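One structure is given below, encoded as structure tokens.
The values are calculated or read from the model by the stated rules, or taken from the named source; none is laboratory data. What you see is a predicted model; the values in this text were computed from it and never measured. With ideal geometry, Cβ positions are generated from the backbone for all residues, glycine too; neighbour counts draw on all protein chains shown.
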Amino acid sequence: MNVEWNDSFKVGQADIDAQHRQLFDLIHAMQATDDPGQARLLIMQLYKHTREHFELEEGLMRQHRFPDLAAHTGYHNKLLSRLNTISEQVGQGAFDKPALMALMADWALRHTVQDDAPLAAFIRAAG
């Protein structure tokens with residue numbers, strides 16, 4: 001999987017875009033390693049980044065009364081669950097890089113475009 005950041009991934013909300021850019025940076029770091037120890041460190045960074053990012057988005061959704069809050073939050077929870085499973089596996093010495101990269105692609109390519117872009121448009125319209 002080769003996921004390169006470009007302006008088409010921008011959703012138009014500066015904080016969200018900056019955090020999405022960080023996600024792409026983490027994807028590249030993960031692509032570059034096959035070392036379980038390095039993967040463990042990157043997954044810890046990813047988990048921290050994910051929690052902060054989802055808290056920001058969910059706070060904006062509540063603040064602006066986003067009508068799809070429950071569905072969007074539900075998808076966040078699914079992503080976190082998948083990340084937790086992969087993290088546990090890495091902690092047990094099994095680094096399933098294809099599963100990790102599939103998760104990252106799903107988040108970066110599907111969720112960012114299909115879910116976060118409408119959220120940002122809603123926030124701009126409410127602004």
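Scanning segment 106-118 turns up one or more residues that are more than 15 Å from Met44 (Cα to Cα), free of Cβ contacts under 8 Å to residues at least 24 places away in the same chain and surrounded by fewer than 11 Cβ atoms within 10 Å (Cβ to Cβ).
Residue count for segment 61-101 satisfying the condition of being free of Cβ contacts under 8 Å to residues at least 60 places away in the same chain, hydrophobic (A, V, I, L, M, F, W, C) and under 24 Å from Leu41 (Cβ atoms): 7. Annotation: Glu58 fulfils all but one of (1) in contact (Cβ under 8 Å) with a residue 40 or more places away in the chain; (2) touching a helix residue (DSSP H, G or I) at 6+ places or on another chain (Cβ under 7 Å); the unmet one is (1).
Of Leu83, Leu56, Leu100, which residue is among the aliphatic types (A, V, I, L, M), closer than 25 Å to Asp7 by Cβ and within 16 Å of the chain's Cα centre (by Cα)? Criteria check complete, one pass: Leu56. Quick one: how many residues across segment 4-27 are part of a helix (DSSP H, G or I), modelled with pLDDT of 80 or more and out of contact with any Ser or Thr (no Cβ under 6 Å at 6 or more places or on another chain)? Of the residues in that region, 14 qualify.
Condition check: surrounded by 13 or more Cβ atoms within 10 Å (Cβ to Cβ) and modelled with pLDDT of 90 or more. Does Leu103 satisfy that? Step through it out loud before you land on a result.
On the way: surrounded by 13 or more Cβ atoms within 10 Å (Cβ to Cβ): yes; modelled with pLDDT of 90 or more: no.
Spelling it out, it is not the case that Leu103 is surrounded by 13 or more Cβ atoms within 10 Å (Cβ to Cβ) and modelled with pLDDT of 90 or more.
Scan (1) within 13 Å of the chain's Cα centre (by Cα); (2) closer than 16 Å to Val113 by Cα for the single condition Leu46 breaks and write down its number. The one condition Leu46 does not meet is (2).
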